[in-house]
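Worksheet: one structure, shown below.
The values are calculated or read from the model by the stated rules, or taken from the named source; none is laboratory data. Predicted, not measured: the structure shown is a model, and the values here were computed from it. Backbone-built Cβ (ideal geometry, glycine too); neighbour counts: all protein chains shown. The accessibility values were calculated without ligands, DNA or RNA, using every heavy atom of the protein model including side chains. Shrake-Rupley method; radii C 1.70, N 1.55, O 1.52, S 1.80 Å.
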Amino acid sequence: MEKCGTKRLEDAGDCFAMTECWSQAAEVYFKARCYTKCFSCCSKGKVLNQGLQFLRQLEKEHSEDFNSEVAALRKTYLETCALHYFERGDIKHMMPYVKAFNSMDHIRAFLNSRNLLDELLSIEMEMGNFYEAAGIAKLKGNVLLEVNMLEKAESFENATQLLLAYVTANSLWSSHSRGWPPKSFAEKEQLLTKVKEMAKKASEGFFCFAYF
């Protein structure tokens, strides 16, 4: 590596790999543009973050080497790393690899198939996909969060109707009540104010319908 320069970088990488110096081998292979060997060493040596940094460097430089072959290698590497941490129950360290997937469809498929709704909800919110986030909140049964996401998505009519239904349901008589008044809950007035605010944002006609 030192005496022959770039001409023998791959051979130097092979030497590091034979002695299981995985991090050094990966570094040299990356310089030699031997990406298959590079990411293989990252996987074998469990220097997974190093491989992630290599991928980010390639993307940042818009390297000509980032072709379809490398794109496929990237997809496989990221999935392998994500699964490595998922199988160990280490969701925190799994997420950077999932977030590096090349599309939201890929992220959704991976997280949905593993019932990681909280993590998917966080990404959808981070990406500004509030309507999709509302759908996840609905699956989780979190009505107020669903309302909040619909409001952020500027789906004011849907948000208002849902919040009105929530207030109504929580104001009904309890199963043990035999008369008037209906049961109350602490947030009622605050939520009704919210209904009024969102209805105004929808339209004047809808405001009149919702409020009166």
Report task. Count the net charge of all other residues whose Cβ sits under 13 Å from the Cβ of D118, scoring Lys and Arg as +1 and Asp and Glu as -1. Result -> 0
Report summary line: Among K99/K200; K3/K44; K31/K75; K138/K194, the pairs whose Cα-Cα distance exceeds 26 Å are K99/K200; K3/K44
Report summary line: Subtracting the Cα-Cα distance of K75 and L117 from 0.36 nm times their residue separation yields 12.9 nm
Requested in this report: Just tell me which aspartates and glutamates come within less than 19 Å, Cα to Cα, of K7; anything on the same chain fewer than 8 places away is out.
Outcome: E27, D65
Query raised in the report: How many nm separate the modelled label positions at C15 and E87, each set 7 Å beyond the Cα in the direction of the Cβ?
Result: 3.4
Query - CD proxy at 222 nm, helix term only [per DSSP H run n ≥ 4: -39500 (n - 2.57); per residue of the chain; nearest 500] - result: -22500 deg cm²/dmol
Report summary line: Result for the range 39-115: accessible area per residue, probe 1.4 angstrom, in square angstrom, of 56
Query raised in the report: Quick one: in the range 1-158, what % of C-alpha pairs are over 22 Å apart?
Result: 53
Report task. Could you point to the residue in A109, F156, T168 farthest towards the positive end of the chain's charge dipole, with +1 and -1 charges on the Cβ of Lys/Arg and Asp/Glu respectively? Result -> T168
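Rule-of-thumb check for the range 1-54: C-alpha Rg over 2.2 N^0.38 Å?
Normalised Rg, Cα atoms only: 1.00.
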Query raised in the report: Computed FRET efficiency, Cβ-Cβ of S203 and H106, R0 45 Å: what is it to the nearest 0.05?
Result: 0.75
